[in-house]
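The values are calculated or read from the model by the stated rules, or taken from the named source; none is laboratory data. Source: prediction; values computed, not measured. Only protein heavy atoms, including side chains, enter the accessible area calculation; ligands, DNA and RNA are left aside. Shrake-Rupley method; radii C 1.70, N 1.55, O 1.52, S 1.80 Å.
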Amino acid sequence: MNRAELADFLRRGRARLEPSDVGLAPGARRRIQGLRREEVASLAGMSVDYYTRLEQRRGPRPSRQMLTALARALRLTDDERDHLFHLAGEEPPRRQPTSSRVRPGLLLILDRLHDTPAQVVSDTGEVLAQNAPAKALAGDAAARPPRDRNLIRRFFLDPTARELFPAEDHPAMARAQVASLRAVTAARPDDPEAAALVAELRSHSQEFAHLWTAHEVSLRRASTKRFRHPVVGLLELDCEILLSHEHHHQLIVYTARPGTESHERLQRLRQASLAPAALTHHSPSGV
């Protein structure tokens with residue numbers, strides 16, 4: 001337990017809140033900024049003396065229930081709550097498994113990215129939403145059966161899924177897919193969907209099973225990826241990722257550097273996405 005850091009974190013968390021933020025009346029004129037100690041103690045269901053001792057670096061280690069109550073009283077985000085637990089020498093609670101519901105804010109951003117491919121993907125590889133250029137680049141995931149919308153499953157179990165990428169890139173892509181899924185299952189060991197996906201892939205893909213035993217761990221990050229598009233040709237695209245941590249979703253945006261052949265081809269692909277007939281013979285398998 002780091003008493004000094006815990007005390008400082010509690011004081012700063014209390015100072016940034018106003019009574020109206022937690023449903024309290026402003027009351028008489030205040031001499032301090034933020035909530036009073038007795039207000040935080042009341043919101044957390046603890047004695048004022050106990051809370052005061054925590055802020056004065058004198059208190060005993062709070063229980064997990066008390067830490068949860070403090071996080072709720074101080075309106076902490078998930079990341080701030082985890083930090084509070086760490087300062088108290090406790091393991092943070094497990095976060096909820098991933099959801100298939102995409103936040104409205106992400107969908108709004110996706111809708112406004114009308115001139116570049118973008119899609120929302122869960123951290124276990126489920127394609128949840130795409131804009132028109134993304135469908136032109138990688139195929140319409142919503143047109144596939146639900147089981148075939150997972151990029152990791154398709155990459156290892158559907159041979160046609162790799163046709164969209166140069167063969168020399170396949171080994172690195174396979175390692176990255178497995179390393180990312182390793183990190184996800186370690187962070188959420190109670191997530192049944194992630195565990196079932198790993199069990200299925202280990203059972204049906206020797207390549208996946210071999211890579212899984214290597215125990216490499218790496219979350220998906222911004223990178224450069226090459227696509228073998230049957231209509232516009234080879235594309236080298238930068239993949240930028242916007243994370244939605246609480247829902248375990250990733251908004252992936254694919255861009256090309258201006259002045260390059262990939263940029264010109266991406267513009268042609270965008271035009272083609274506006275005229276679906278131009279893509280009738282194109283049915284790529286996934287990104």
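Based solely on C-alpha atoms, express the radius of gyration and the Dmax of the chain in angstrom.
24.3, 73
Would you kindly state how much longer the chain becomes between GLU207 and ARG64 on full extension, computed as 0.36 nm times their sequence separation minus their alpha carbon distance, in nm to one decimal?
Taking GLU207 through ARG64 to full extension adds about 47.3 nm, to one decimal.
Between region 135-206 and region 73-129, how far is it from one alpha carbon centroid to the other, in angstrom?
About 20 Å separates the Cα centre of region 135-206 from the one of region 73-129.
With a 1.4 Å probe and every protein chain kept in, tell me what percent of the accessible surface of the chain is carbon plus sulfur.
After summing per-atom areas, the C and S share lands at 50 percent.
From zero up to wherever the largest Cα-Cα distance of region 1-140 sits, split into 5 Å bins and tell me the percent of pairs in each.
P(r) over region 1-140, rounded to whole percents: 2, 9, 15, 16, 12, 8, 8, 9, 8, 7, 4, 2, 0.
List the residue ranges in the chain for DSSP H helices whose C-alpha atoms run 15 angstrom or more along the long axis and whose Kyte-Doolittle average is -0.5 or above.
170-187, 192-204
Compute the accessible area per residue over region 145-204, keeping the other protein chains in place, probe 1.4 Å, unit Å².
48 Å²
Counting just the Cα atoms, what span does region 95-156 cover along each of its three principal axes? Round to the nearest Å and put the largest first.
That works out to 29, 28, 16 Å along the principal axes.
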